[in-house]
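Colleague: Take a look at the following structure, please.
Quick note: the coordinates plus some simple rules give every number you see, no bench work behind them. Fair warning: this is a prediction, and the values are worked out from it, not measured in the lab. Virtual Cβ from ideal backbone geometry, glycine too; neighbours counted across all protein chains shown.
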Ligand code: NAI
């Protein structure tokens with residue numbers, strides 16, 4: 001079975017090529033271009049396509065893929081908010097994903113963002129490079145004995161909760177399901193979490209019910225001087241409201257690996273472009289905001305697990321077996 005990879009980067013190819021000999025039944029075809037209704041129309045003789053977080057796996061794309069004979073979409077990621085599952089089912093296309101390739105990779109990046117924003121590492125780095133050794137404006141807060149609020153205590157949220165506990169923080173959580181592994185976490189309602197946390201980290205999936213979970217109303221319920229981190233999905237935070245909150249000095253730091261409007265930017269070098277998205281540019285203008293480009297997953301361990309599970313998913317499909325990662 002041939003699998004056409006969309007948005008394939010060198011690190012994707014490296015990790016898949018390392019193991020491809022273990023799967024002689026699978027032929028891998030790498031395309032750098034992103035999946036869209038237009039690029040889907042170029043697929044030829046592939047029963048499967050492999051897509052990622054920024055791919056357009058909408059009904060329109062799935063219709064074209066179906067016409068091209070595609071029967072399987074392999075998402076090489078955990079989130080699937082960019083996939084129209086109902087449309088895939090309607091077109092007889094199976095969708096599989098990689099549910100938990102390395103929760104620690106994402107959680108460690110979340111803490112890195114929290115630390116960088118809190119201790120102004122992004123500013124300190126640039127200052128020292130310019131021979132400016134002044135500490136003015138670099139004061140942070142101890143995380144020790146402060147309260148971390150984890151929204152969504154699944155695999156990644158649990159890993160973040162453990163890291164926060166390691167920092168000596170009190171950890172509180174909000175989720176509709178209590179994670180039985182997290183006996184040290186106090187579960188509270190969302191409003192209480194917002195009002196008590198010194199660090200808030202988002203780890204719930206993007207769904208209709210969580211879209212713009214962080215908006216001006218929820219921001220107003222937060223403590224002044226809170227650090228907010230989002231490594232989950234951009235749509236969880238209403239950017240205009242976040243900007244309003246930043247202007248009102250609500251946050252001592254904001255760390256974003258994901259943000260609304262990221263799709264145009266993610267994994268592209270746009271150094272020479274004039275960015276047309278004003279909200280992204282406004283976010284980047286604040287001294288207490290640090291933004292990375294959807295890279296929380298990017299560790300050797302995570303890439304290795306992603307390639308392994310994706311290839312196993314393809315084999316399960318080929319053999320007509322269940323992998324347990326099916327989304328339809
Ligand atoms: P998971 O499914 O193990 O955990 C998600 C948790 O969120 C579950 O416990 C669920 O009950 C909870 N939840 C659902 N709706 C909620 C709500 N309204 N309020 C509070 N909690 C709610 O998922 P996992 O593996 O922990 O991933 C979480 C998210 O992280 C993914 O959906 C994905 O969007 C994002 N992610 C980001 C990456 C990055 O590179 N930045 C990489 C991998 C995942």
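Colleague: Quick one: divide the alpha-carbon radius of gyration of region 248-311 by 2.2 N^0.38 Å and tell me what you get.
Modeller: Details: Rg = 15.0 Å, N = 64, 2.2 N^0.38 = 10.7 Å.
So the Cα radius of gyration is 1.41 times the expected 2.2 N^0.38 Å.
Colleague: Turning to a different aspect of this structure: Looking at the P(r) of region 217-269, how many percent of alpha-carbon pairs lie beyond 17 Å? Could the numbers behind the result be given before it?
Modeller: Details: 504 of 1378 pairs.
Above the 17 Å cut-off, region 217-269 has 37 percent of its Cα pairs.
Colleague: Counting other beta carbons within 10 Å of each residue's own, what order do 151, 246 fall into, fewest first?
Modeller: Numbers: 151 25, 246 21.
Ordered from fewest to most neighbouring Cβ atoms within 10 Å, 151, 246 come out as 246, 151.
Colleague: In Å, what is the Rg of the alpha-carbon atoms in the chain, and how long is Dmax?
Modeller: 20.8, 63
Colleague: For region 103-291, count the residues as N, evaluate 2.2 N^0.38 Å, and divide the Cα radius of gyration by that value, please. Write out the running numbers ahead of the final one.
Modeller: Values: Rg = 16.3 Å, N = 189, 2.2 N^0.38 = 16.1 Å.
This ratio for region 103-291 stands at 1.01.
Colleague: Related question: Taking a point 7 angstrom from the Cα of residue 125 along the C-beta vector, which residues in region 274-301 have backbone N less than 17 Å away?
Modeller: Zone members listed by number: 284-299.
Colleague: Neighbouring Cβ atoms within 10 Å as the yardstick, rank 211, 109 fewest first.
Modeller: Working: 211 14, 109 22.
The most exposed by this proxy come first: 211, 109.
Colleague: Further, regarding this structure: What is the order of 94, 223, fewest Cβ neighbours within 10 Å to most?
Modeller: Numbers: 94 19, 223 16.
The fewest-first ordering by Cβ neighbours comes to 223, 94.
Colleague: Relative contact order of the chain, please, whole-number percent, based on alpha carbon pairs below 8 angstrom and at least 6 residues apart.
Modeller: Details: 615 pairs, mean separation 58.1, N = 328.
Across the chain, relative contact order equals 18 percent.
Colleague: Using alpha-carbon positions, what is the distance between the centroids of region 272-301 and region 1-48, in Å?
Modeller: Result: 27 Å between the Cα centres.
Colleague: By how many nm would the segment from residue 17 to residue 300 grow when fully extended, if each residue of separation counts as 0.36 nm and the alpha-carbon distance is taken off? Write out the running numbers ahead of the final one.
Modeller: Working: separation 283, 0.36 × 283 = 101.88 nm, distance 1.37 nm.
In short, 100.5 nm is gained.
Colleague: Return an integer: the convex hull volume of the alpha-carbon atoms of region 1-138, in Å³ per residue. Walk me through the numbers on the way to the answer.
Modeller: Values: hull volume 20.8 nm³, N = 138.
About 150 Å³ per residue, rounded to a whole number.
Colleague: Using Cα springs under 10 Å in a Gaussian network model of the chain, which residue among 313, 131, 265 shows the largest mean-square fluctuation?
Modeller: Answer for the Gaussian network model of the chain: 131.
Colleague: Want the number for residue 71 to residue 315: 0.36 nm per residue separation, take away the alpha-carbon distance, what's left?
Modeller: Numbers: separation 244, 0.36 × 244 = 87.84 nm, distance 1.33 nm.
Fully extending the segment from residue 71 to residue 315 adds 86.5 nm.
Colleague: At residue 31 and residue 181, where each label point lies 7 Å from the Cα along Cα→Cβ, what is the point-to-point distance in nanometres?
Modeller: Calculated label separation equals 3.7 nm.
Colleague: Could you work out the relative contact order of region 241-328? I mean the mean sequence separation of Cα pairs under 8 Å and 6+ apart, divided by the number of residues, in percent. Present the calculation step by step, with values, prior to reporting the outcome.
Modeller: Numbers: 44 pairs, mean separation 26.2, N = 88.
That works out to 30 percent.
Colleague: Once fully extended, how much extra length lies between residue 281 and residue 269, figured as 0.36 nm per residue of separation less the alpha-carbon to alpha-carbon distance? Display every interim value, and only then the final one.
Modeller: On the way: separation 12, 0.36 × 12 = 4.32 nm, distance 1.56 nm.
Full extension of this stretch gives 2.8 nm more.
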